[in-house]
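Computed from the coordinates by the stated procedures, all read-outs in this text should not be read as laboratory data. Not measured: the values here are computed from a predicted model. Positions of Cβ are generated from backbone atoms using ideal geometry, with glycine treated the same way; all protein chains shown enter the neighbour counts.
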Amino acid sequence: MQAHRVLHQFPMSPYCEKTRWTLDIKGLDYTTRNLLPGRHHKINRGLAAESSVPLLMDRSMTIQDSSAIAMYLEHTYAGPRLLPDDDGLRSLVLALENYFDISVGPAVRHWCYGQLLRRRGMATRFFFAAYDRRTRWLARLARPLFERRLAAAFSPDEASMDSAERTTLDGIERLENVTEHDPERYLVGESLTLADITAAALLAPMVGPTNSPWGDSDRLTPGILEMRARLRARPGGQWVLRRYERDRDARPVIPVAVG
């Protein structure tokens, strides 16, 4: 039987991974609908104010944006609590979630796409890797247009790439300072919170946990592989790996047709 919840997503989006993780930790069944870039504007604008993903449809509710979805799930469903009851700790979780969401996540996304765009066809293969065979074939045909539009959004020029890298490394340093360089510690309190899910999911494309959508791959550029080696040697990179090893218990999801 099809789940009542449908998640509109791009499979490789770290923000969509953040939402999948939140749904999984709550133990909720859902289906995924892998949207085609470009067509997602029309589909999502017919359901919500913006065209962006992730977008969750939960029976009569439509919620957009990974943070809004997380708050909706926290207030609507039982399961492990991702926000502490204590007001001070709750404010700290939300502040860290906002920092990684607004500052670090876009920088990681820009840097990774900029790296992939340096090799013709690599960004297309990476973006569509989780789609069905027919869609991957169509994506290869549309590769020049897709990669031009991707480059317009995530310029691979040196200045913007250097800025994205600095912001990402600032995020790693902040994570290390908050956890006192201990990969075993959570960001706030003694259990997993929304801050941990956000930081781990949004940094995962740079670190490449094996049980993430961005695990080890021979299709990556030397620049990405070198960055992964650097980060995995640091407590912050080890922290991301620990969160995926110990806290990312993904549930099987039912894919629906690409649209």
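Pull out all pairs, ordered by first then second residue, where Cβ-Cβ is under 9 Å, the residues are six or more apart or on different chains, the first lies in region 98-114 and is under 16 Å from Leu175 (Cα atoms), and the second is surrounded by fewer than 22 Cβ atoms within 10 Å (Cβ to Cβ) and among the basic types (Lys, Arg).
Short answer, once both residue conditions are applied: Tyr99/Arg174; Phe100/Arg174; Val104/Arg174; Ala107/Arg166.
Just to verify a result, which residue in region 13-29, among those that are farther than 15 Å from Leu194 by Cβ and not hydrophobic (A, V, I, L, M, F, W, C), is surrounded by the most Cβ atoms within 10 Å (Cβ to Cβ)?
Ranking the candidates gives Ser13 first.
All but one of (1) part of a helix (DSSP H, G or I); (2) touching a Gly at 6+ places or on another chain (Cβ under 7 Å); (3) under 19 Å from Arg20 (Cβ atoms) hold for Gly105, so report the exception by its number.
(2)
Let me confirm something: among Leu89, Leu116, which residue is surrounded by 16 or more Cβ atoms within 10 Å (Cβ to Cβ) and either of a type in the set (Val, Ile, Thr) or on the phi < 0 side of the Ramachandran plot (or both)? Before the answer, list the steps.
Details: Leu89 fails: surrounded by 16 or more Cβ atoms within 10 Å (Cβ to Cβ).
Criteria check complete, one pass: Leu116.
Name the single residue that is farthest from Arg81 (Cα to Cα) among those in region 181-219 being of a type in the set (Asp, Glu) and surrounded by fewer than 15 Cβ atoms within 10 Å (Cβ to Cβ). Full working, then the answer.
So in region 181-219, the residues of a type in the set (Asp, Glu) come out as 182, 184, 190, 196, 216, 218.
From what is left, the residues that are surrounded by fewer than 15 Cβ atoms within 10 Å (Cβ to Cβ) are 182, 184, 190, 216, 218.
Values: Asp182: 23, Glu184: 19, Glu190: 12, Asp216: 31, Asp218: 38 Å.
Looking at the filtered set, the residue picked out is Asp218.
Considering only residues that are touching a residue at least 40 places away in the same chain (Cβ under 8 Å) and touching a strand residue (DSSP E or B) at 6+ places or on another chain (Cβ under 6 Å), which ones fall in region 54-91?
Scanning region 54-91 gives Pro54, Leu55, Leu56, Met57, Asp58, Ile69.
State which residue is farthest from Asp86 (Cα to Cα) when the search covers only region 150-180 and only residues that are surrounded by 15 or more Cβ atoms within 10 Å (Cβ to Cβ) and acidic (Asp, Glu). Walk me through how you get there before you give the answer.
Initial filter on region 150-180 (surrounded by 15 or more Cβ atoms within 10 Å (Cβ to Cβ)): 150-151, 154-156, 160-161, 164-165, 167-169, 171-172, 174-176, 178-179.
In the following step, the residues that additionally are acidic (Asp, Glu) were identified as 165, 176.
Values: Glu165: 35, Glu176: 23 Å.
The selected residue is Glu165.
Out of the residues in region 1-47 meeting the condition of being within 22 Å of Arg149 (Cβ to Cβ) and of a type in the set (Gly, Ala, Ser), tell me which one is nearest to the chain's Cα centre (by Cα).
Ser13
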